[in-house]
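Step one of this worksheet: look at the structure below.
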Amino acid sequence: MSIRERLSGNEAAAVAMRQINPDVVAAFPITPSTEIPQYFSTFVSNGKVDTEFVAVESEHSAMSACIGAEAAGARAMTATSANGLSYMWEVIYIASSMRLPIVMSLVNRAVSGPLNIHNDHSDAMGVRDAGWIMLFSENNQEAYDNLIMAHKIAENKDVLLPLMVCQDGFITSHSIENIELIEDDKVKEFVGKYCPEHYLLNSKEPIAMGPLDLQAYLFEHKKQQAEAMHNAKDVILKVANDFEKMTGRKYSFFEEYKLDDAEIAIVCMNSTAGTTKFVVDNLRAKGIKAGLLKVRVYRPFPAEEIANALSNLKAVAILDKADSLNACGGALFTDVTSAMYCNKKSVPTVNYIYGIGGRDTTSNQIEGVFNDLQEIVKTGKIDNPYRYMGLRG
C-alpha cells in the first residue's frame, strides 16, 4: 500500500534519493535546488542512508566527483539549477561521453544574465544536446516517480547514459502537494543494485577512463552515444511498464490529455501542463475541442510518436519556456516541427515563448492561445509563427 504524504518537490526528490540510497552524492548549493542536498544531508547525518555525502566547493566539482565515483563503480547522484548547471557544462559532456549513468535532479531556473533566480527552462535547453536523457515533471509526484525510474533507465546495459529529472523551480520545487510514496523495500527492489561491468576499481580488468580520443575513433564513439540514446526509448517504456505494475501510475514519452478527438492543442512541458489542463476542461465545457500534449521525455526526443499524436489536429501551439534567441522560435518548437516535417505530417503550427524569468503564466493567457488557434482554423492564416505570451507592451 502506498504512503500518503504532503511534500514539496524538493522534499520529494530528497526522499526518492533516500530510498535509492546511492553510494555517493556530491553537491553544491544553488537556489532553488539547494534544499534537495540539504534534506538529503540530514538523512546521512541521521544514519538513514549509508551514502558518502561530498560537500564540494563548486558545481563543476560536484559533477566531477560524481564522474569519479561512477567511474570507480559507485552509483552517484547530484542536484543543481541554472548557473550551477552552466558551471558544470564541461563535465556534463564528459559524463555522457564516458557513458556514466549519473542521475541529477535539475530544478529549472533562468540562467544569468541578468541575474534571476526564478523559473524558466533556459538551463535545461542549454544542455539539451549534451547526451543526457531528460525527463520533465509536471508536479511533485512526477518528480518523485521520475527519480525512482531514473537509475533503471540510465544503468541499463543498452543505455549507460546520465539522466536528469527536471522540475520547475519554486513552482513545484517549493510548493507542497499531496503525494503517494512507495514503500522503501519496494523502491530498493525496483531500483536494484548497481553492478557495472567495467569500472576503475576492478583489479581483474585494468582500464583507462576518459583518454585522448582523436580523429581515428571519436566519430564512432559519438555514434555509439547516439545509438544508446535511441536504445533508451525502448528502455524508458519498459521501465514505465514495470513502474505501473508496482504503483498503478502510468507513464510514457508524453501524456495526451483529451487529445483523441481534439481539433486544437497545446504542446508544453513541466508545470504549465497543469494550467493547460484546467483551461482544456473549461473549453470542453463550452463545446470547444481543445487538447494537450505534455512532453515528459525530451531526450531522447520521441519524434515519430509526437508527430503521429498531433497529425489529426487542425492547429497546434507549442509553448517554449526558453527563447533560443535565433529569430525562429524555441527548442521544443524546432524539435516538434522537425518531427512533423520528417514524418510527413502537416498541421498549422505556431510557437509561443513564455514565462521567462518566472513571469506568471495565467489560465487567461493559455485560453488566449487556444483562441488564436481557433482563429487560425477559421481563417487558414498564420501571419507570424514566432510569438510571445505574457510579454508586456
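The stretch 312-393: which trypsin sites (Lys or Arg not before Pro) are DSSP loop and have at most 12 other beta-carbon atoms within 10 angstrom?
Passing sites in the stretch 312-393 are Lys344, Lys381, Arg392.
So if I take the alpha carbon set of the stretch 79-119, get Rg, then get Rh from the Kirkwood formula, what is the Rg over Rh ratio?
Checking Rg against Rh, the ratio lands at 1.04.
How big is the stretch 224-325 on each of its three principal axes, counting only the C-alpha atoms and giving the largest first in Å?
Largest to smallest, the principal-axis extents are 48, 41, 25 Å.
Enumerate the amide H contacts of Leu200 below 5 Å, restricted to partners 5 or more residues apart or on another chain; note that Pro and chain-start residues carry no placed amide H.
Ala72, Gly73
Which value, to two decimals, describes the C-alpha radius of gyration of the stretch 254-389 once divided by 2.2 N^0.38 Å?
0.95
State the three equivalent ellipsoid semi-axes of the stretch 55-130, derived from the C-alpha gyration tensor as the square roots of 5 times its eigenvalues, in descending order and whole Å.
Result for the stretch 55-130: semi-axes of 22, 12, 10 Å.
Hey, fewest Cβ within 10 Å first, where do Cys195, Cys268 land in order?
Cys195, Cys268
Nothing charged except the Cβ atoms of Lys and Arg (+1) and of Asp and Glu (-1): what's the magnitude of the dipole of the chain about its Cα centre? Round to the nearest 20 debye.
Its charge dipole is roughly 780 debye.
If you build the convex hull over the alpha carbons only and average its shadow over all orientations, what do you get for the stretch 3-247? Give it in nm² to one decimal.
13.2 nm²
Note the full-extension length gain between Lys193 and Asp260 as 0.36 nm times their separation in residues minus their Cα-Cα distance, in nm to one decimal. Let's see the in-between values first.
On the way: separation 67, 0.36 × 67 = 24.12 nm, distance 4.01 nm.
Using 0.36 nm per residue and subtracting the Cα-Cα distance, I get 20.1 nm.
What's the percent breakdown of Cα-Cα distances in the stretch 139-286 across 10 Å bins, shortest bin first?
Once binned at 10 Å, the Cα pair distances of the stretch 139-286 give 9, 27, 31, 20, 10, 3, 0.
Quick one: Cα centre-to-centre distance for the stretch 1-44 and the stretch 148-223, in angstrom?
A separation of 17 Å, based on Cα centres.
Using DSSP to call loops (not H, G, I, E or B), can you name the chymotrypsin sites (Phe, Trp or Tyr not before Pro) in the stretch 196-241 whose Cβ has at most 13 other Cβ atoms within 10 angstrom?
Details: sites: Tyr199, Tyr217, Phe219; in loops: Tyr199, Tyr217.
Passing both the DSSP loop test and the Cβ count: Tyr217.
At 0.36 nm per residue, and after removing the present C-alpha to C-alpha distance, how many nm does the segment from Lys344 to Leu212 gain when stretched out fully?
43.4 nm
So for the stretch 185-332: antiparallel DSSP bridges make up what percent, rounded to the nearest 5?
Working: 4 of 14 bridges.
Within the stretch 185-332, antiparallel bridges account for around 30 percent of the total.
Could you name the lysines in cross-link range of Lys186, using Cα to Cα under 23 Å and dropping any fewer than eight places away on the same chain?
Counting by Cα, and skipping residues close in sequence, Lys186 has these lysines nearby: Lys48, Lys152, Lys157, Lys238, Lys245, Lys250.
Quick one: compute the contact order of the stretch 107-161, relative version, from alpha carbon pairs under 8 angstrom and 6+ residues apart, as a percent.
Details: 37 pairs, mean separation 11.8, N = 55.
Computed over the stretch 107-161, the figure is 21 percent.
Report the relative contact order of the chain, percent, no decimals, based on alpha-carbon pairs under 8 angstrom and at least 6 residues apart.
Relative contact order for the chain comes out at 16 percent.
Under a Cβ-only charge scheme (Lys and Arg +1, Asp and Glu -1), can you give me the dipole magnitude of the stretch 254-389 about the Cα centre, in debye to the nearest 20?
Charge dipole, the stretch 254-389, about its Cα centre: 80 debye, nearest 20.
What ranking, highest mean first, results for peptides 9-20, 230-241 when packing means the other Cβ atoms within 10 Å averaged over each residue?
Highest to lowest by the protection proxy: 9-20, 230-241.
What percent does the relative contact order of the stretch 254-389 come to when contacts are Cα pairs within less than 8 Å and at least six residues apart?
27 percent
Going by alpha carbons, how many degrees (0 to 90, nearest 10) lie between the helix axis of 9-20 and the longest principal axis of the chain?
The helix 9-20 is inclined about 40 degrees to the chain.
Only bridges with both residues in the stretch 3-247 count here: give the DSSP antiparallel percent, nearest 5.
25 percent
Can you pull out the GluC sites (Glu not before Pro) in the stretch 53-101 that DSSP calls coil and that have at most 15 other Cβ atoms within 10 Å?
Here the GluC sites (Glu not before Pro) that fit, given the DSSP loop and packing criteria, are Glu57.
Need one number: nm distance between label points at Glu304 and Lys250, each 7 Å from Cα along Cα→Cβ, rounded to one decimal.
Once both label points are built, they end up 2.2 nm from each other.
Just so you know, all these numbers are worked out from the coordinates, no wet-lab data involved. This structure is a prediction, so every number in the text was calculated from the model and none was measured. All Cβ positions, even for glycine, are placed from backbone atoms using ideal geometry, and neighbour counts span all protein chains on display.
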